[in-house]
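No lab work stands behind these numbers, since they all come straight from the coordinates. All values derive from a computational prediction rather than experimental measurement. Using ideal geometry, Cβ is built from the backbone for each residue, glycine included, and neighbour counts are taken over all protein chains shown.
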Protein chains: 2
Amino acid sequence: MAEKLMGKDVAAAMKENLKAQVTEAKEKGFVPKLAIIRVGARPDDLYYEGGAKKTCESIGMDCQVFEYPENIEQESFEQAVKEVNARADVNGILMFSPLPKHLKESKIRELISPDKDVDSLTLGSAAKVFVGDKTGFAPCTPQAVMEILHHFSIPVQGRKAVVLGRSLVVGKPLAMLLLGENATVTVCHSKTQDLPGVCREADILIAAVGRAKMVKADYVKAGQVVIDVGINEDPDNPGKYCGDVNFAAVEPIVDKITPVPGGVGSVTTAVLCKHTVMACKMQNGF
Amino acid sequence: MAEKLMGKDVAAAMKENLKAQVTEAKEKGFVPKLAIIRVGARPDDLYYEGGAKKTCESIGMDCQVFEYPENIEQESFEQAVKEVNARADVNGILMFSPLPKHLKESKIRELISPDKDVDSLTLGSAAKVFVGDKTGFAPCTPQAVMEILHHFSIPVQGRKAVVLGRSLVVGKPLAMLLLGENATVTVCHSKTQDLPGVCREADILIAAVGRAKMVKADYVKAGQVVIDVGINEDPDNPGKYCGDVNFAAVEPIVDKITPVPGGVGSVTTAVLCKHTVMACKMQNGF
């Protein structure tokens, strides 16, 4: 039976650490603040927003939601984003995406300063993650994977990490983060030949494709660490969520595994706060 | 005995194609033009410059060298780069690097517009290569590797490509280009455990570490394609160059291999011209 890598343990440790950093910031006269920009009121966004607000509160940070109607026009919304971005009291910005289709999202994203771009929405942040510039913020989900590996002291250097999926939100930036810690990184995807065979070669297997339970027993071997980034509707349990990994099939084989729910997803808002605290420090030179 | 993948064959085919594109551009009233910015007169730079000028000439493109003294000051040089960049007749810019140490290179690089940045010196170009935006130019060397694979009809999709080296000039962008063509990409490096074993897994092995002859017989197996990006002083033949691959040891084992010299290095100036012609077309909307 595999060790379950619980996201809540990681988040709890991160929050303890962040609480101390927020106290330190406050002593210097700064309250780290996250701005959440939301257009409309999608249930997923509201759910994540609730979690983010709760995490901010628990560590003493400020969080302010800037909400706009779903039919807001491009020009007004651009103006609004510029205003939020220009606020001296806002250190980090999370903008929910995708935006409604009538808005030019690629243009709007770039209105966020890279130094406030705590969820890596801009090309400037992407470039920094690619080149390994530590002043750039990675998207919260791949960073959450790294936090889990660190928290549980899972060695990365020199080991084979296989990233299943190559999205800009998870797979590609995660490959760069792993490479930055000296893993040997393989990125595979739907076109990979013998995908199970490639995954079996991993010391650390990270599934980030968004396909329910696709990683089955033949994708894994004894001794592996499996990190499941997927959040999918469970085809076998209507109304429930499941990961990209068939947990029941894989868990008996591998050494360590993150559950879904309760794994990576439980760490992302702590990362968002960590990035915002880092942003506050960098912006104010301490 | 392996098939030798000769760079000159690739370059010749590219130049034929580019010649036709330059003729087409001229018919529309545009002469694609490359600007080369050089500070001082390092022999390596002069050698590459000579090759680039010759390639431009052979396809009917313009090439102008902007030369500055080695002791040029930051401010004057910034002004100079801005002026070159602002010229309407200049479509692509190559700036030799590294610049003398008293110049802030990272700042100067960003003065080049991404749409003229034909050798990928800016963060904007890096970001585009990372996200897979085809309007961004990759550095010439990794693009030359892709041109070789294409020219010799070496299948990439679904196959295992192992990139040995993770530099920003070759390894990382090459990984992104290979991923963009649906290869399963592994990036390995000095910290990789069992490096020979990882390399032996490749269908396509690309060596880009800058260590003379480090890829030996135990790094390869029958059937592989080996692309050697290294250009090193040959420890066994003073005054000669050699690659990262021990050619004598590897060539009898693998299926196809690029020689050094005569492989990847022979294709880079053709890529530079290709990018400049593309830039001319994009800038003028045809």
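Across region A:140-264, the relative contact order, built from alpha-carbon pairs under 8 Å that are at least six residues apart, equals 22 percent.
Relative to the longest principal axis of chain B, what angle (0 to 90°, nearest 10) does the C-alpha long axis of helix B:268-284 take? That works out to roughly 40 degrees. When shorter helices are ignored and each DSSP H run of at least 4 residues is given -39500 (n - 2.57), the per-residue value for chain B at 222 nm works out to -12000 deg cm²/dmol.
Ranking B:GLN74, A:CYS199, A:PRO142 by Cα position along the charge dipole of the protein assembly as shown, where only Lys, Arg, Asp and Glu carry charges on their C-beta atoms, puts A:CYS199 farthest toward the positive end. Take each residue of peptide A:121-130, count the partner chain Cβ atoms within 10 Å of its Cβ, and average: the result is 5. Averaged over peptide B:178-189, the number of partner chain Cβ atoms lying within 10 Å of each residue's Cβ comes to 6. By the Cβ-Cβ criterion of under 4.7 Å, the unpaired cysteines of chain B are B:CYS140, B:CYS188, B:CYS199, B:CYS242, B:CYS273, B:CYS280. So how tilted is helix A:74-86 from the main axis of chain A? Cα-based, degrees 0 to 90, rounded to 10. Between the helix axis and the principal axis of chain A, the angle is about 90 degrees. When the charge dipole of chain A is built from unit charges on Cβ atoms (+1 for Lys and Arg, -1 for Asp and Glu) and taken about the Cα centre, the candidate among A:SER97, A:VAL39, A:ASN237 whose Cα reaches farthest toward its positive end is A:SER97. Over 25 Å apart at the Cα level, from the set A:LYS221/B:LYS256; A:LYS172/B:LYS281; B:LYS54/B:LYS240; A:LYS128/B:LYS53, are A:LYS221/B:LYS256; A:LYS172/B:LYS281; A:LYS128/B:LYS53. Please say if region A:221-286 is rounded, prolate or oblate, where rounded means a/c under 1.5 for a ≥ b ≥ c the square roots of the C-alpha gyration tensor eigenvalues, and otherwise the choice is prolate for a/b larger than b/c and oblate otherwise? Oblate. Overall, the anisotropy analysis places region A:140-264 in the rounded class: the square-rooted eigenvalues a ≥ b ≥ c of its C-alpha gyration tensor yield a/c less than 1.5.
Compared with the dominant principal axis of the Cα atoms in chain B, helix B:171-180 is inclined by about 80°. The charge dipole of chain A, taken about the Cα centre with unit charges on the Cβ atoms of Lys, Arg (+1) and Asp, Glu (-1), comes to about 380 debye, rounded to the nearest 20.
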